[in-house]
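The next block holds one structure in the form of structure tokens; read it before the comments.
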Amino acid sequence: MTASLRLHYLAAMGIDVWVARHPAVAAEPVPRAQAWKDLQHQVAQCRACPLCETRTQAVFGVGNEQADWMLIGEAPGQDEDLQGEPFVGKAGQLLNEMIRAIGLRRDQVYIANILKCRPPNNRDPQADEVQACHDFLQRQIAFIKPRLIVAVGRIAAQNLLQTRQPLSQLRGVQHELAGVPLAVVHHPAYLLRSPGEKAKAWEDLQFALSVYQSLKQ
Ligand code: URA
């Protein structure tokens, strides 16, 4: 990694870096906005796993880059792959309602996925694909510095927490990822398939809200 790339990387990690261009000259900050753009560019160009062959485009993330809440789903589906934005299909509409249920709008949170590229036929992400995207997601989290991470669905939760525990054991518990509190909610696609479970999703959201409110005190 070149010195300049390394500095942009550190800036994307949220680490304030000062570049001494010349020992005698005052230090100069690496622009955060540039570091974020660089990260977006790297994701867009990524060819680290075979999903790059079948994607229409990589799906970086969307929302408020200074959000307190960061929602992390599984992977883009067909609509997301075509539009280049996470959670824009039917599941996305329900996710928007879930966000409204905690008193927020979609543009007040940040939404990303574990995988940036769509797995063919929406199959589950494979370990090598998750690994290939790991650094991108960590850099997004470090840049946004959310106060609360919400893992959307079992697959996101299991990958983020590196566990095989079922969703029933992961929900309703305050976890932690890289020092950030993390709560797990049901995936909206699951709720569309099993509308009878919506009450549980409501409980998940209330739990996430209570974790967030406890941080503010
Ligand atoms: N499901 C996800 O987990 N993420 C998306 O972006 C869309 C559907």
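A few comments on the model shown:
- The set of residues in segment 173-189 being within 13 Å of the ligand (Cβ to nearest atom) and either surrounded by fewer than 17 Cβ atoms within 10 Å (Cβ to Cβ) or touching a residue at least 40 places away in the same chain (Cβ under 8 Å) (or both) consists of Val185, His187, Pro188, Ala189.
- Scope segment 49-68; condition of a type in the set (A, V, I, L, M, F, W, C), within 16 Å of the ligand (Cβ to nearest atom) and open to solvent by 10 Å² or more (accessible area, probe 1.4 Å); matching residues: Ala58, Phe60, Val62
- Gln131 falls short on exactly one of the conditions (1) within 17 Å of the chain's Cα centre (by Cα); (2) near the ligand (Cβ under 9 Å from one of its atoms), and that condition is (2).
- Just one of the numbered conditions (1) open to solvent by 10 Å² or more (accessible area, probe 1.4 Å); (2) part of a loop (DSSP other than H, G, I, E, B); (3) near the ligand (Cβ under 10 Å from one of its atoms) is not true of Ile155: (2).
- Taking first residues from segment 144-165 that are under 17 Å from Gln131 (Cα atoms) and partners that are basic (Lys, Arg) and more than 12 Å from the ligand (Cβ to nearest atom), the Cβ contacts under 8 Å between residues at least 6 apart in sequence or on separate chains come to Gln158/Arg164.
- Selection status of Arg164, more than 12 Å from the ligand (Cβ to nearest atom) and not in a helix (DSSP H, G or I): yes
- Residues (near the ligand (Cβ under 8 Å from one of its atoms), in contact (Cβ under 8 Å) with a residue 60 or more places away in the chain and open to solvent by 10 Å² or more (accessible area, probe 1.4 Å)) located in segment 78-119: Phe87, Ala91
The values are calculated or read from the model by the stated rules, or taken from the named source; none is laboratory data. Being a predicted model, the structure only gives us computed values, none of them experimental. Here the Cβ is made from the backbone with ideal geometry for all residues, glycine too, and neighbour counts use every protein chain on show. For accessibility, only protein heavy atoms count, side chains too; no ligands or nucleic acids. Shrake-Rupley method; radii C 1.70, N 1.55, O 1.52, S 1.80 Å.
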